[in-house]
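In what follows, a structure is listed as structure tokens, so that the remarks can point back to it.
The values are calculated or read from the model by the stated rules, or taken from the named source; none is laboratory data. Everything numeric in this text was worked out from a predicted model, so none of it was measured. Positions of Cβ are backbone-derived with ideal geometry, glycine not excepted, and every protein chain shown enters the neighbour counts. Accessible surface is based on the protein model in full, side chains and every heavy atom, while ligands, DNA and RNA are left aside. Shrake-Rupley method; radii C 1.70, N 1.55, O 1.52, S 1.80 Å.
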Amino acid sequence: MKSGFVAVVGRPNVGKSTLVNRLVGEKVTITSAQPQTTRNAIRGVVNGDGYQVVLVDTPGLHKPKNELGNRLNSLVYGSLKEADQVLFLIDATMPIGPGDKLIAQRLIEAGADTFVLVNKVDKANRPETVAQLVKAAEWPFPQVFPISAIDGSGVSEMLEELAASLPEGPQYYPEGMLTDQPEAVVIGEVIREKFLDRLRQELPHSLVVQVEDVESKEGRIDIAADIIVERKSQKGIVIGKGGSMLQAAGTEAREELERILGSKVFLDLQVIVEKDWQRRPMLLDRLGFEVE
């Protein structure tokens with residue numbers, strides 16, 4: 001069979017996680033309008049007729065402002081080393097910028113087999129899409145596809161070409177397995193997504209969720225998680241007036257977790273302040289952002 005690991009790369013908020021979920025057929029990675037949503041290399045598994053594609057959804061490459069940013073970029077470059085193929089997403093609705101050019105240069109230097117995907121064609125007009133396709137064709141990559149991760153336009157055709165490009169290999173994951181993420185990571189990402197959807201532009205970068213305990217009881221799963229922010233003022237924002245933010249996001253997270261886990265869920269959320277956690281290497285290690 002054809003099989004291999006495929007890194008999904010691009011600038012923040014270009015639609016990488018949405019594409020992974022579209023290809024897998026179910027939600028395996030969180031999405032948000034806020035940039036820098038993905039903070040882990042999340043694997044999604046796509047099984048087809050005679051092939052298995054293992055997608056590695058990476059954080060958006062960006063100019064780092066702190067230790068966390070450095071580690072996220074390192075995570076992307078590490079994913080490129082293990083990849084048999086790369087999907088490089090650019091946005092059909094925005095001009096190709098320095099960030100896109102930097103990623104393209106890194107891929108060229110790495111000698112990575114790369115498909116360029118011009119995403120969000122559902123939002124772009126025809127001249128915008130054509131302009132991006134022409135620009136993308138200037139890079140020395142063999143394939144350029146216009147797609148929409150939202151409505152699926154062009155995705156099946158791209159997947160067919162992607163599967164054909166992979167080497168002969170083993171079935172890495174059993175049939176029916178959609179992701180290799182530990183349960184605690186999935187839980188934490190679902191909780192974080194519900195807050196990202198509600199928070200102001202500047203706060204999402206400062207918020208991380210640490211799952212402290214998951215305990216199965218008769219007919220129920222008890223989950224305790226800390227929502228970690230960097231400043232006391234942020235703690236107030238996350239809790240909301242009279243606890244409104246915490247309650248609304250927590251309720252939505254609990255309902256989605258019940259669907260995912262197939263059980264009633266009791267969710268205990270605590271908001272914790274860890275000053276400047278994005279700049280503290282030892283704390284980043286504890287939160288799972290280790291340097292490989």
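A few remarks follow.
- Near pairs, Cβ below 7 angstrom, 6+ apart or cross-chain, from the range 128-152 (of a type in the set (D, E, K, R)) to any residue that is surrounded by fewer than 21 Cβ atoms within 10 Å (Cβ to Cβ): Glu128/Thr93; Lys135/Ile96; Asp151/Asp122
- Subset of the range 261-282 that is of a type in the set (A, V, I, L, M) and at pLDDT below 90 - its residue that is nearest to Ala249 (Cα to Cα): Ile272
- Where Ser148 falls short, out of the listed (1) more than 19 Å from Arg43 (Cα to Cα); (2) in contact with a strand residue (DSSP E or B) (Cβ under 8 Å, 6 or more places away or on another chain); (3) open to solvent by 10 Å² or more (accessible area, probe 1.4 Å): (3)
- Among the residues making up the range 86-106, those that are assigned to a helix (DSSP H, G or I), touching a residue at least 40 places away in the same chain (Cβ under 8 Å) and open to solvent by less than 10 Å² (accessible area, probe 1.4 Å) are Asp100, Ile103.
- Between Glu256, Glu189, the distinction of being touching a residue at least 60 places away in the same chain (Cβ under 8 Å) and over 18 Å from Gln270 (Cβ atoms) belongs to Glu256 only.
- Unique residue being farther than 30 Å from Arg259 by Cβ, under 23 Å from the mean Cα position of the chain (by Cα), charged (D, E, K, R) and open to solvent by 70 Å² or more (accessible area, probe 1.4 Å) when the list is Glu183, Glu157, Glu109: Glu157
- Looking across the range 179-219, the residues that are assigned to a loop (DSSP other than H, G, I, E, B) and either within 30 Å of Gly236 (Cβ to Cβ) or modelled with pLDDT of 80 or more (or both) come down to Asp197, Arg198, Leu199, Arg200, Gln201, Glu202, Leu203, Leu207, Glu218, Gly219.
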